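J.: Would you mind keeping the following structure in view while I ask a few things?
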Amino acid sequence: MPAFAKPEEVYRYLGGIFETAFADPELAGKLAATGLVLKMVCTNPDSALVIDTPNGKVVTDAFDHPSDATMTMDSEVANGYWQGKVNLAFAMARGKVTVAGPIAKLLRLTPLSKRLFPVYVERLRADGRDDLIVD
């Protein structure tokens, strides 16, 4: 699977999908209801995002930012997940995604994220980033 080359790409595409979710009143309300402040740490390239669901904010370059839960994965796995190509529970079971914090709260985000898979792929295509699309 393809991965991002620079942290800025992680922030643009992974952070951007959460910004899109926060702009949707229905999704924003459901995200806020989880009360979760999630940190996504990616490797290859090293990057960190904090998704503050109660406040509808995305913080980039957030290695030292506090959070309730932290997910760590290769950016290749994150990119594949947002295209609907990676099952989060299986990735966790196989050690491709590690989680620290309340896993049950985190898994409540999964059904919400599925609505954003086509939006994510369309954003990649619109930017001419077919190199990141998983077949």
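J.: Could you please give the count of residues in region 32-87 that are under 19 Å from Leu107 (Cα atoms) and among the basic types (Lys, Arg)?
T.: 2
J.: Any residue at all in region 67-76 that's aliphatic (A, V, I, L, M), open to solvent by 20 Å² or more (accessible area, probe 1.4 Å) and part of a strand (DSSP E or B)?
T.: Within region 67-76, none of the residues are aliphatic (A, V, I, L, M), open to solvent by 20 Å² or more (accessible area, probe 1.4 Å) and part of a strand (DSSP E or B).
J.: Additional query: Mind counting the residues in region 81-95 that are touching a helix residue (DSSP H, G or I) at 6+ places or on another chain (Cβ under 8 Å) and open to solvent by 50 Å² or more (accessible area, probe 1.4 Å)?
T.: Total meeting the criteria: 1.
J.: Loosely packed, with under 15 Cβ neighbours inside 10 Å, in contact with a strand residue (DSSP E or B) (Cβ under 7 Å, 6 or more places away or on another chain), of a type in the set (Val, Ile, Thr) and under 21 Å from Lys39 (Cβ atoms), is that true of Thr98? Break it down into steps so the answer makes sense when it comes.
T.: Working: loosely packed, with under 15 Cβ neighbours inside 10 Å: yes; in contact with a strand residue (DSSP E or B) (Cβ under 7 Å, 6 or more places away or on another chain): yes; of a type in the set (Val, Ile, Thr): yes; under 21 Å from Lys39 (Cβ atoms): yes.
Considered against the rule, which asks whether it is loosely packed, with under 15 Cβ neighbours inside 10 Å, in contact with a strand residue (DSSP E or B) (Cβ under 7 Å, 6 or more places away or on another chain), of a type in the set (Val, Ile, Thr) and under 21 Å from Lys39 (Cβ atoms), Thr98 comes out as yes.
J.: A further question on this structure: Against the definition (of a type outside the set (D, E, K, R), over 23 Å from Glu122 (Cβ atoms) and assigned to a strand (DSSP E or B)), how does Ala62 come out, yes or no? It would help to see each step written out before you state the result.
T.: Details: of a type outside the set (D, E, K, R): yes; over 23 Å from Glu122 (Cβ atoms): yes; assigned to a strand (DSSP E or B): no.
Answer is no for this residue.
Here's the yes/no breakdown for (1) modelled with pLDDT of 95 or more; (2) open to solvent by less than 40 Å² (accessible area, probe 1.4 Å); (3) within 19 Å of Pro2 (Cα to Cα):
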position	(1), (2), (3)
Ala33	no, no, no
Asn79	yes, yes, yes
Arg115	no, no, no
Gly128	yes, no, yes
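J.: For Gly101, are the conditions met, namely being modelled with pLDDT of 95 or more and small (Gly, Ala, Ser)? Step through it out loud before you land on a result.
T.: On the way: modelled with pLDDT of 95 or more: no; small (Gly, Ala, Ser): yes.
It is false that Gly101 is modelled with pLDDT of 95 or more and small (Gly, Ala, Ser).
The values are calculated or read from the model by the stated rules, or taken from the named source; none is laboratory data. Every value quoted in this text rests on a predicted model; they were computed, and no experiment measured them. Because the Cβ atoms are built from the backbone with ideal geometry, glycine has one as well, and the counts that use them run over all protein chains shown. Calculation scope for accessible area: heavy atoms of the full protein, side chains included, ligands and nucleic acids excluded. Shrake-Rupley method; radii C 1.70, N 1.55, O 1.52, S 1.80 Å.
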